[in-house]
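Enquirer: If you scroll down you'll find the structure; I have some questions about it.
The values are calculated or read from the model by the stated rules, or taken from the named source; none is laboratory data. Keep in mind that this is a model prediction, so the values were computed, not measured. Neighbour counts run over all protein chains shown; Cβ positions are idealised from the backbone, glycine included. SASA here: full protein model, heavy atoms, side chains in, ligands and nucleic acids out. Shrake-Rupley method; radii C 1.70, N 1.55, O 1.52, S 1.80 Å.
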Amino acid sequence: MVTAKICGEDGVLSYLGTVGGAISRSKYRISDIYEIRLRAGQRVVLETARGRAVIDRTVSAEEIGECIKCFCNYSLHSFEKELKEGFITLKGGHRAGFCGTAVIKNGAFEGIKDISSINIRVAREIIGAGDFLRSVVFDEDFNGLLICGRPMSGKTTVLRDLCRIIGDKYKLALVDERGEIAAVYGGVPQNNVGAYTDVLNGYGKAEGIDIATKTLSPEYIACDEITGFESCAKLCLNSGVKMIFTLHCGSIEQAKETEIVKTGVISHIAFLGGKIGQITERLAVR
């Protein structure tokens, strides 16, 4: 049975001050909202289960700045790395991305100033989202799974639940670079990612996969967005570790032509389409 909950539901709107209050008083429930977009001088825009919606509440530049301070617990210097990268992971695994004016120093990007827009992706933990792939990842011939689909298709949601399923049975190393999967807060995962799962929170994929392979003796390794780290995946295969990754693409045919599949480390591909988290195609590569 599939059951869903919003991670840190009570707190996600509290980061937004009076703007969050306006959203809570609207006809849209937080459980129906996938994204919250705030743009200076513009009205609030929501991406919901029923489509795009506009709240009759204009956001000021000052409110954008106050939201950023709140995201950083009013200690901006403690979040210098996140501010430079353009996103902050909030309690509950919600991700706040933002943009503004680029700061360039000696020809290199140094960070962002005059932040003018924010997009919050509301994290969801859907128990049962990975059940359709249970037989795949536990098959004795399984080596690697690529969960692919377009943006907002539910790749991370399915990956999160697969971590729970695998991590309750086998040793799993989860490289959670952006903190969206386990939603670690104060050192404790808020999402259920399995009793035997070790979470490498905030690690880059290359460093996380290398450390996990050498020090944690995992039976499985999972991470989001594997593009550009194909050599790391091949290292896992040569070490006898099974892998689960996600990838942005528009079709299962496109997925078959990607570098990660060409390395030979992927034995199965699952493509998500239609409703969020719905597996529409499944393919055994070999």
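Enquirer: Using the scaling law 2.2 N^0.38 Å as the reference, what is the normalised Cα Rg of region 1-137?
Expert: 1.17
Enquirer: May I ask you to evaluate 6.51 cos²θ - 1.76 cosθ + 1.60, the Karplus curve with θ = phi - 60°, for each residue of region 225-235 and list the ³J(HN,Hα) values in order in whole Hz, giving x for glycine and proline?
Expert: Each residue of region 225-235 in turn: 6, 7, 3, x, 10, 4, 5, 5, 5, 5, 4 Hz.
Enquirer: Continuing with this model, one more query. What does the extension gain come out to for GLU80 and ALA206, with contour length at 0.36 nm per residue minus their alpha carbon separation? Could you put the intermediate results ahead of the total?
Expert: Working: separation 126, 0.36 × 126 = 45.36 nm, distance 2.17 nm.
Going from the current span to full extension adds 43.2 nm.
Enquirer: Let me ask something else about it. Shape verdict for region 96-214, please, from the Cα gyration tensor: rounded (a/c under 1.5), prolate (a/b greater than b/c) or oblate.
Expert: Because a/c hits 1.5 or more and a/b exceeds b/c, region 96-214 counts as prolate.
Enquirer: Mind checking the full-extension length gain between THR58 and ARG282? Use 0.36 nm per residue of separation minus the Cα-Cα distance, one decimal, nm.
Expert: Contour length minus Cα-Cα distance gives 76.2 nm.
Enquirer: Quick one: work out the % antiparallel among DSSP beta bridges in the chain, nearest 5.
Expert: 60
Enquirer: Something else: Could you compute the net charge surrounding CYS232? Neighbours are other residues with a C-beta less than 11 Å from the C-beta of CYS232; K and R count +1, D and E count -1. Present the calculation step by step, with values, prior to reporting the outcome.
Expert: Working: positive: LYS205, LYS234; negative: GLU207, ASP210, GLU230.
Net charge around CYS232: -1.
Enquirer: Could you tell me the accessible area of SER31 in Å² (1.4 Å probe, neighbours in place), rounded to the nearest ten?
Expert: Around 50 Å² of this residue is reachable by solvent.
Enquirer: While we're here: Using only Cα atoms, locate the centre of region 114-128 and the centre of region 191-255, then give the distance between them in Å, rounded to an integer.
Expert: Using only Cα atoms to place each centre, the spacing works out to 23 Å.
Enquirer: Which log10 I(q)/I(0) values does region 128-286 give at q = 0.12, 0.17 Å⁻¹ under the Debye formula, counting every alpha carbon as one identical point scatterer?
Expert: Debye output, listed in q order: -0.43, -0.92.
Enquirer: Rounded to the nearest percent, how much of the accessible area of region 165-247 (1.4 Å probe, protein heavy atoms only) is carbon and sulfur?
Expert: On the way: 1730 of 3520 Å².
The C+S portion of the solvent-accessible surface of region 165-247 is 49 percent.
Enquirer: I need the Debye-formula profile for the chain: one equal scatterer per C-alpha, no solvent, reported as log10 I(q)/I(0) at q = 0.10 1/Å, two decimals.
Expert: Results for the chain at q = 0.10 Å⁻¹ read -0.55.
Enquirer: Return an integer: the convex hull volume of the alpha-carbon atoms of region 91-134, in Å³ per residue.
Expert: 126
Enquirer: Now for a different question. With just the Cα atoms defining each centre, how far is region 34-95 from region 163-186? Give it in Å.
Expert: Spelled out, the Cα-based centre of one part sits 25 Å from the other.
Enquirer: Now for a different question. Could you list, in their original order, any pairs among LYS105/LYS242; LYS81/LYS256; LYS91/LYS256; LYS205/LYS262 whose Cα atoms are separated by more than 31 Å?
Expert: Flagged as over cut-off: LYS105/LYS242; LYS81/LYS256; LYS91/LYS256.
Enquirer: Please report the relative contact order for region 231-285, taking Cα pairs under 8 Å with a sequence separation of at least 6, and give it as a percent rounded to a whole number.
Expert: Contact order relative to length: 26 percent.
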